[in-house]
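The values are calculated or read from the model by the stated rules, or taken from the named source; none is laboratory data. Since this is a predicted model, take the numbers as computed values, not measurements. Every residue, glycine as well, gets a Cβ built from its backbone with ideal geometry; the counts of neighbours run over all protein chains shown. The area values use the complete protein model at the heavy-atom level, side chains included, leaving out ligands, DNA and RNA. Shrake-Rupley method; radii C 1.70, N 1.55, O 1.52, S 1.80 Å.
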Amino acid sequence: MTITFDNVTLSHGPFSLAADLSIEEGHRIALLGPSGGGKSTLLSALAGFKAPDAGRILWNGADITNEHPAKRPVTLLFQDHNLFPHLTVAQNIGLGIRPNLHLSASEWQIVEDALSRVGLKGQGTKRPAQLSGGQQQRVAIARALLRDKPILLLDEPFAALGPALKHEMLDLVAEIVQSAKATLIMVTHQPEDALWITDQTVLVAEGVAHTPQDTKDLLENPPDVLRAYLGT
């Protein structure tokens, strides 16, 4: 299953980003580059929240350029968790199965199993405000897990966390995508995060999303624009 950006152009005011690349199934991809370079824009286009000005987005050869976001094979995890404060933790996770929350007993058990998997067993009756920031991220990860989509998109969801907790969350995501045989695409400003979890990196800079490269090789031999951004 391949994700293809076929001569895609994305614009926002005077800004323009060109993407002509493919991502093979099962890879863990970092989108790395200077702030304002278009990383989140590229992610939004794949998720269906930003329409290309030109070109096509393909999934396994099928054109999904105009597909509704809900019908795309993607789950997008944001930095702010997107949890509903009036719902319990279990209900927030249950939205990943059914948006109307009309879940069967067996489906509620799936929610409980997801809570256990992310280390929140017994926390399902709490409201999000009763949890720490790291615990709220675990709830968002559990909900993403239950959506069971083949592509997981992360838009800097762990940027506000300390290094130890961030690495714990990245390890959890890596475990989930590996067990699900999913493809991970993660926006990051931190090269250490890219090295921690990804095997390939797409450099997004100077108006171009480049072909995926081996993360370690790219960071050991960065082009000038990445070297300037990293300060090396």
Assuming 0.36 nm per residue, please report the length gained on full extension of the stretch A174 to H68 beyond their Cα-Cα distance. 35.4 nm
Cα Rg, Dmax, region 40-116, angstrom units: 15.7, 46
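If you take the beta carbon distance between D20 and D224 as r and set R0 to 25 Å, what does 1/(1 + (r/R0)^6) give as a FRET efficiency, to the nearest 0.05?
Approximately 0.75, to the nearest 0.05.
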In whole percent, how big is the carbon plus sulfur part of the accessible area of the chain, probe 1.4 Å, protein atoms only? 50
Cα→Cβ-extended label distance, 7 Å offset, between T9 and D53, nm: 0.6
C-alpha center-to-center spacing [region 13-77, region 138-176] in angstrom: 19
Per principal axis, largest first, the Cα atoms of the chain extend in Å by 52, 38, 33
Could you bin all the Cα-Cα distances of region 103-216 into 5 Å bins starting at 0 and give me the percent of pairs in each, rounded to whole numbers? 2, 10, 20, 22, 18, 13, 7, 4, 3, 1, 0
Among K39/K121; K39/K126; K50/K121; K39/K181; K181/K216, the pairs whose Cα-Cα distance exceeds 32 Å are K39/K121; K39/K126; K50/K121
Using the alpha carbon gyration tensor of region 95-136, what are the three equivalent-ellipsoid semi-axes (square root of 5 times each eigenvalue), largest first, in whole Å? 19, 12, 8
Diagonalise the Cα gyration tensor of region 1-83 and give the resulting equivalent ellipsoid semi-axes, square root of 5 times each eigenvalue, largest first, whole Å. 18, 17, 14
Can you give the accessible area per residue of the chain, in Å², using a 1.4 Å probe? 47
Two pseudo-spin positions, 7 Å from Cα along C-beta at L165 and at S106, lie apart in nanometres by 3.7
Dimensions (Å) - region 75-124, Cα atoms, principal axes, largest first: 30, 25, 22
Which residues qualify? For L77, with a placed amide H closer than 5 Å and at least 5 residues away or on another chain, they are L153, L154, D155
